[in-house]
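Worksheet: the structure to be examined is printed underneath.
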Amino acid sequence: MRGIRRSTFLGLGLASMMLAAGTNPAAANDINWRQAQGTEIRLLTLRAWFADHWRANLPEFEKLTGIKVVIEDYPEDPFRQKLAVEMAGKSKSVDVFTTGTMREGRQFANLGWYADLTPFINDATLTARSWDKDDFIASVWQAHQFQGRQVAVPIQSNVQLLYYRKDLFDAAGLAPPRTLEELEAAAKRLHNPPAVYGFVSRGRRTQAPYSWSHWLFANGGSWITPDGKPGINSPAAIAATEQYVRLLRSYSDPGITDNGPAEVQTQFLQGRAAMILDAVSWAGLFNDPARSRVAGKWAGALAPPGAAGATYELWAWSLAVSPFSDKQKAAWLFVQWATSKEMQRPLHMRSFPMPRTSLWTDAEWKGAVEPGYYQAAMTQVQAARPIGHPPFVASPEITDIVGIAINNALAGRDIKTELDAAARRMAEVLERTEPKR
């Protein structure tokens, strides 16, 4: 297997990579980057690799603009809680924040918690030509629009692909699974606890729906039926949940009901998971020999289809500006810098896939990554849809309802009973929150 060429990418610090490449978002200097100098802005963000990247390169931004940035970051669940409290209180202290528009976008847009970025983007005095809006992958860019307004700028382009331990598969004479049934069979074959679990995934109530949604759609289900009723207790949804729950209860780790992104990552990084089906953006972590025991031992493959065929889920974290901020110009300059080609390229080269077409088609990146991973990532990102979260104004509330049902099922409760109860609660929420047609 070929991983990232560590001597080229992983051995360099992020800041030094940018300097070595001569990168500077102001290279085309067709705007005045110091028009908000002397301003201090607060960034509220998810604790993630992109936040680490911004922090490492902040001296460059502050030198370029004269703007000071205070970064405040939290793990995902506390971050979401903190952000909701701040926005509900119309806090003026938050100027820019990370958001997942495929989850909370409709809710935030409906509540007026996003500033409209369209005027900033169209203002030639505020947005450099070199930022190149048209370079963003169209489907990812458009997923951050509501009522004709651009509410956020994507900082990644994520799909769920299959990561598998190629060394374990080779030793067992197995090929990467081509269907969900084959995935379960491979998990059974490779399950050797506590050294190795056959398949690890998300089971925490706030996280389970994102992973479970692949099984839902792959089995022909959906969040809502064609006649507008909750689809989470349809025969297809019940079959999907039975498959997902059986897989995890039989071949995952004992902590399944509390597994979120960090726990799934850790199991694979430590070599304790034979397979995971999760974010394409994690490849950079798995290839880092300083953090990963499986660097050079894994490969990527397409997310296996189910009875209804292939389905690929689109997700992207993004940056938004608070409508309550008095420093929106400075906040936009930060968003523009953080999402520039120059800032995104070093991360993309470490297999944290970015939302720009020019980076996905970069010959250097293609030649540096594991071939199966590249083919799967390229195939899926072009066909992905935002199906991982319910497409409603009350998406976070409905996600929690469904997450509780999945979590309870993973704990051993009756699947149909749980999904029926969740569907009733979901119907009540939709009646209360969705526009009447």
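The values are calculated or read from the model by the stated rules, or taken from the named source; none is laboratory data. Please read these numbers as outputs of a predicted model, since none were measured by experiment. All Cβ positions, glycine included, derive from the backbone under ideal geometry; neighbour counts span all protein chains shown.
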**OP:** Might you check whether a residue that is under 23 Å from the mean Cα position of the chain (by Cα) and in contact (Cβ under 8 Å) with a residue 40 or more places away in the chain occurs anywhere in the range 120-132?
**Re:** yes
Subject >> Selection count, the range 377-400, where residues are hydrophobic (A, V, I, L, M, F, W, C), part of a helix (DSSP H, G or I), over 13 Å from the mean Cα position of the chain (by Cα) and modelled with pLDDT under 90 >> reply: 2
Original post:
Condition test on residue 210, is it touching a Ser or Thr at 6+ places or on another chain (Cβ under 9 Å), hydroxyl-bearing (Ser, Thr, Tyr) and closer than 22 Å to residue 414 by Cα?
Top reply: yes
**OP:** Report the residue count in the range 259-296 for those that are part of a loop (DSSP other than H, G, I, E, B), under 21 Å from residue 188 (Cβ atoms) and touching a residue at least 60 places away in the same chain (Cβ under 8 Å).
**Re:** 4
Subject >> Which listed residue, of 310, 283, 279, is closer than 17 Å to residue 207 by Cα and at pLDDT below 95 >> reply: 279
**OP:** Under 7 Å between Cβ atoms, at least 6 apart or on separate chains: pull out the pairs that start in the range 134-152 with a residue that is at pLDDT 95 or above and end on any residue that is of a type in the set (Phe, Trp, Tyr).
**Re:** 151/114; 152/114
Subject >> Search result, residues across the range 350-360 that are modelled with pLDDT of 90 or more and over 28 Å from residue 111 (Cα atoms) >> reply: 354, 356, 357, 358, 359, 360
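Quick check on residue 311: is it among the hydroxyl-bearing types (Ser, Thr, Tyr) and in a loop (DSSP other than H, G, I, E, B)?
When the stated conditions are applied, residue 311 passes them.
Would you pick out the residues in the range 197-225 that are part of a loop (DSSP other than H, G, I, E, B), of a type in the set (A, V, I, L, M, F, W, C) and over 20 Å from residue 392 (Cβ atoms)?
199
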**OP:** Name the single residue, out of those in the range 132-165 being in contact with a helix residue (DSSP H, G or I) (Cβ under 8 Å, 6 or more places away or on another chain), in a strand (DSSP E or B) and polar (S, T, N, Q), that is farthest from residue 306 (Cα to Cα).
**Re:** 150
Subject >> Residue list for the range 42-77, restricted to those being crowded, with 20+ Cβ neighbours inside 10 Å, among the hydroxyl-bearing types (Ser, Thr, Tyr) and farther than 17 Å from residue 158 by Cβ >> reply: 65
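I want to confirm something. Restricting to the range 168-196 and keeping residues that are hydrophobic (A, V, I, L, M, F, W, C) and either assigned to a loop (DSSP other than H, G, I, E, B) or not assigned by TED's automatic domain parsing to the domain that holds residue 255 (or both), which single residue is surrounded by the fewest Cβ atoms within 10 Å (Cβ to Cβ)? It would help to see each step written out before you state the result.
Looking only at the range 168-196, we keep the residues that are hydrophobic (A, V, I, L, M, F, W, C), and these are 168-169, 171-172, 174-175, 180, 183, 185-187, 190, 195-196.
Among the residues that remain, those that are also either assigned to a loop (DSSP other than H, G, I, E, B) or not assigned by TED's automatic domain parsing to the domain that holds residue 255 (or both) are: 174-175, 195.
Working: 174: 17, 175: 11, 195: 8.
Per the criteria, the residue is 195.
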Original post:
Taking the range 225-246 on its own, how many of its residues are buried (at least 18 other Cβ atoms within 10 Å of the Cβ) and either of a type in the set (Ser, Thr, Tyr) or modelled with pLDDT under 95 (or both)?
Top reply: 3
Subject >> Hey, residue 375 out of contact with any helix residue (DSSP H, G or I) (no Cβ under 7 Å at 6 or more places or on another chain) and outside the structural domain of residue 56 (by TED's automatic domain parsing) or not >> reply: yes
Original post:
Does residue 225 qualify as being over 20 Å from residue 314 (Cβ atoms) and among the β-branched types (Val, Ile, Thr)?
Top reply: yes
**OP:** With the checklist (1) of a type in the set (S, T, N, Q); (2) in a helix (DSSP H, G or I); (3) at pLDDT below 95 in hand, flag the one item residue 57 doesn't pass.
**Re:** (3)
**OP:** List the number of the failed condition for residue 249; all other conditions in (1) surrounded by fewer than 20 Cβ atoms within 10 Å (Cβ to Cβ); (2) at pLDDT 95 or above; (3) outside any helix (DSSP H, G or I) hold.
**Re:** (3)
